[in-house]
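Note sheet for the following structure.
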């Protein structure tokens with residue numbers, strides 16, 4: 001699958017498992033961010049993409065969707081995941097250059 005297919009997927013909030021995920025067929029793999037939520041604050045703990053899907057930009061697609069979700073819900077956030085911290089820093093740096 002191309003990254004554009006993942007880009008068109010809608011983010012799923014699995015509240016019971018505390019995961020924001022792309023709705024990927026389980027036979028193909030998975031991509032999710034594990035989180036904690038209290039009041040209007042979300043803690044982003046960990047991003048995980050199944051081994052067979054890594055290296056295709058899916059984590060970046062997921063990160064973009066997660067931060068759009070946060071903005072839409074007007075949540076405060078704390079990032080504990082090193083990938084998400086780096087992704088957010090790079091995106092913010094690009095936006096400030098424009």
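The values are calculated or read from the model by the stated rules, or taken from the named source; none is laboratory data. Predicted model, so just to flag it, every value in this text is computed and none were measured. So basically every Cβ, Gly included, is an ideal-geometry build from the backbone, and we count neighbours across all protein chains shown.
Quick check on the range 14-28: of everything there that is more than 16 Å from residue 77 (Cα to Cα) and surrounded by 16 or more Cβ atoms within 10 Å (Cβ to Cβ), which residue is farthest from the chain's Cα centre (by Cα)?
Out of the qualifying residues, it is 24.
What is the residue count in the range 42-98 for residues that are at positive phi and touching a helix residue (DSSP H, G or I) at 6+ places or on another chain (Cβ under 9 Å)?
Of the residues in the range 42-98, 1 are at positive phi and touching a helix residue (DSSP H, G or I) at 6+ places or on another chain (Cβ under 9 Å).
Out of the residues in the range 80-98 that are outside any helix (DSSP H, G or I) and over 17 Å from residue 11 (Cβ atoms), state the one that is modelled with the lowest pLDDT.
Among residues in the range 80-98 that are outside any helix (DSSP H, G or I) and over 17 Å from residue 11 (Cβ atoms), the one modelled with the lowest pLDDT is 98.
Residue 51 fails exactly one of the following numbered conditions: (1) surrounded by fewer than 11 Cβ atoms within 10 Å (Cβ to Cβ); (2) touching a strand residue (DSSP E or B) at 6+ places or on another chain (Cβ under 8 Å); (3) without any contact (Cβ under 8 Å) to a residue 24 or more places away in the chain. What is the number of that condition?
Status for residue 51: all satisfied but (2).
Which residues, taken from the range 74-90, are surrounded by fewer than 18 Cβ atoms within 10 Å (Cβ to Cβ), out of contact with any strand residue (DSSP E or B) (no Cβ under 8 Å at 6 or more places or on another chain) and in contact (Cβ under 8 Å) with a residue 24 or more places away in the chain?
Across the range 74-90, the qualifying residue is only 74.
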